[in-house]
Every structure is written in structure tokens, then in C-alpha cells.
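Step one of this worksheet: look at the structure below.
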Amino acid sequence: MEPLASIRWSVLTLVIVVSLLIQPSFSIYCDEDDCYDLLGVTQSANASEIKKSYYKLSLKHHPDKNPDPESKKLFVKIANAYEILKDEATREQYDYAIAHPEEVFYNTARYYHAYYGHKTDTRAVLVGLLLVLSGFQYLNQWTRYNQAIDMVKKTPAYKNKLKAMELERTGGVTNKKKGKQQINKQMEEDLSKELELQIKGAEKPSLWELIGVRVVLLPYTVGKLLLWYGHWFWRYQVKQDSYSWQDASYLTRRSLGVPFDSWRNIDESTKDDLVERRLWEKPNFENYLAEMRKESKRRR
Ligand SMILES: *[C@@H]1O[C@H](CO)[C@@H](O)[C@H](O)[C@H]1NC(C)=O
């Protein structure tokens, strides 16, 4: 991982861990209070006792009957405590959290699962996850890109290029001090632009490449691919047409294992020669390999 990215992750993890450890995990249920105490019952109380006690207390502290603001707060707390203890499953979880305060992560996870798990749409979680991932991906790409640019700017090749460009602009004449700074700036910018086109493996972050966008576009991508295959099958398998130049060049590129970008940079006549050899047919390809072998031996 990149140093910057790993620092980011460590900080994030640290923040989460610390915020979880600061309070014992059972306190996420009834804040600093004990849910049983709030309802005025013991931990061994049965369901009907809890219910009875809750009705009594909620009547006593109901805001309509009791205008005291403290009472209103208590009313909310009591209602919350009852929400937890009336349900057998969440009561059991709460008891477990009291008995095992050290299992912070387990208890916290169970709490959030019980209270938000069923309310949260899985799709929303997925969308959130994709957004977060895409965000990290985007940041990471920018960091990598900027690092690559900085690295290239430090190389002698870049500096020499800058000098050459300067000479070309000024026609070899050293300018009066005046406008020089400006010209330099302009040149730097031009060169930067040129550079941006050339750095491979650290392309400028593209929104189209983000995981989130990819997932959204998946049906479109798959559809396009299917259409392409269908078209291909119909044209070349069913109708037995001869390959169009574009498709033939695709087959050639694939049998040679050349990436698309490199193929684009090959000059047209070489491409034409290669395509005409029909390298996607096995015997042709083997002939071609044999020729290449001979050629390289001869050169040595
Ligand atoms: C709950 O406990 C009370 C008091 O101990 C008892 O009277 C009642 O029968 C119990 N209820 C149930 C459902 O066990």
C-alpha cells in the first residue's frame, strides 16, 4: 500500500477503536444508566414484572402529567430501556454485554445489528459501501498520479526537455530579464501538459474507472458485450463473412497479446502487414513465430 494511504487507514482504525473503547459496550444501550435500574427492577425480573413497572413509571413521568424537564428526560430514558428489555433477544444481548464488558466489538456489532440491521435497506448499505470505496479509490489515484508527476519532474530528462523547449521558443537568444519569468511559466505548463499524456501506469484519475460507476454501468457494459458477441457470431459464424479490417486487427492484436494502447502506437503499414498474415489462424501464427526467431538469431 502507498504510505499515505496506509496512514489514512491507520488513523481511521485508531479513531474507531478509541471511540469504542472509551465507553464500555453495555453503555450504548441505556447510556451511562443501567436499563434495569431505570425501570426499577432487578436483572432477574420476569417479563410481566418489567411491563408492570414500565407502565407505572411511564405514567408517573409522562410529560402531560409532569411538566418538570428532568422528568421528560427520564420518560424518554425509561421508554428506551423498556424497548431493550421487553424484547427477549435484545434483553439477552444486553445481559451478555453486562457479563462480558471486554467483548467490545462483539457487543457493539450486535447492538447495531439489532437496532439498525433490520431497518437498514441492504441496497442502501451497498450504495454507501460503493461510495466510500470509490472515494478512497479516487483519492488514492490522485495521490499516485501526483507522486508520479513529481518523480518525473525531478529527472534530468525532464529538466533537459524544459531547457530545449526554452531554447526553441526564444530562438536560442537569451532574453532580456523582463519577460523571462513569464515565458518559463508558460513553458512549464506546456511541458506539464505534454507530460500528462505520457505517464503510463499513473493515468489521471478518471471518474469512469471508479468502482461505484462501474457497478452502475454494469448492465450497460454487459449488454454492449452481449450485443457485440451476438453481432460477431451472426456475421462470422452464421453468415461466414470475411473479417472487417477492424475485427481482423482485433484478432491480430489478441493473438499477439498486444495491449490496446501499444497497438494504437504501431504505425499503419506494420499493422496492415500483421493483419494480412491472419495470425489468428494457428499455422500462420506458428510460421510468424518461427520467422521472428530466425530474425532475432540473424541479428545476434
Ligand atoms: C413474574 O414474577 C412475579 C413475582 O415474582 C410472579 O407473581 C408472576 O407469576 C411471574 N410471572 C411469570 C409470567 O412468570
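The values are calculated or read from the model by the stated rules, or taken from the named source; none is laboratory data. All values derive from a computational prediction rather than experimental measurement. Reconstructed Cβ throughout: ideal geometry from the backbone, glycine too, with neighbour counts over all protein chains shown.
Could you look through segment 243-260, keep only residues that are under 24 Å from Leu289 (Cβ atoms) and part of a loop (DSSP other than H, G, I, E, B), and pick out the one that is modelled with the highest pLDDT? Only one residue tops the list, namely Tyr243.
A search for C-beta distances below 8 Å between a residue of segment 39-54 that is on the phi < 0 side of the Ramachandran plot and in a loop (DSSP other than H, G, I, E, B) and any residue that is more than 7 Å from the ligand (Cβ to nearest atom) and among the aromatic types (Phe, Trp, Tyr), counting only pairs 6+ apart in sequence or on different chains, returns Leu39/Tyr54; Leu39/Tyr82; Thr42/Tyr36; Gln43/Tyr36; Ala45/Tyr36. Every condition in (1) within 30 Å of Tyr145 (Cα to Cα); (2) charged (D, E, K, R); (3) under 36 Å from the mean Cα position of the chain (by Cα) is met by Asp267 except one, and the failing one is (3).
Taking the criterion of being loosely packed, with under 15 Cβ neighbours inside 10 Å and more than 10 Å from the ligand (Cβ to nearest atom), the residues of segment 41-60 that qualify are Thr42, Gln43, Tyr55, Lys56, Leu59, Lys60. Among the residues in segment 281-290, are any of a type in the set (A, V, I, L, M, F, W, C), in a helix (DSSP H, G or I) and under 39 Å from the mean Cα position of the chain (by Cα)? No, segment 281-290 has no match at all. Residue pairs whose Cβ atoms lie under 9 Å apart, sitting 6 or more positions apart in sequence or on different chains, and linking a residue in segment 261-288 that is over 11 Å from Ser249 (Cβ atoms) to a partner that is among the basic types (Lys, Arg), are Asp261/Lys200; Ser262/Arg253; Asn284/Arg277; Asn284/Arg278; Phe285/Arg277; Phe285/Arg278; Asn287/Arg277; Tyr288/Arg277. Being in contact with a helix residue (DSSP H, G or I) (Cβ under 6 Å, 6 or more places away or on another chain), at pLDDT below 90 and part of a helix (DSSP H, G or I): is that true of Trp208 here? Here the answer is no, as Trp208 does not meet what is asked.
Ile98 fulfils the conditions (1) under 22 Å from Arg110 (Cβ atoms); (2) modelled with pLDDT of 90 or more; (3) more than 16 Å from the ligand (Cβ to nearest atom) except for a single criterion, (2). Can you name every residue in segment 237-282 that is crowded, with 17+ Cβ neighbours inside 10 Å and β-branched (Val, Ile, Thr)? Scanning segment 237-282 gives Thr252, Val275.
Does Arg110 qualify as being free of Cβ contacts under 8 Å to residues at least 40 places away in the same chain, surrounded by 14 or more Cβ atoms within 10 Å (Cβ to Cβ) and within 30 Å of Val215 (Cα to Cα)? In short, yes.
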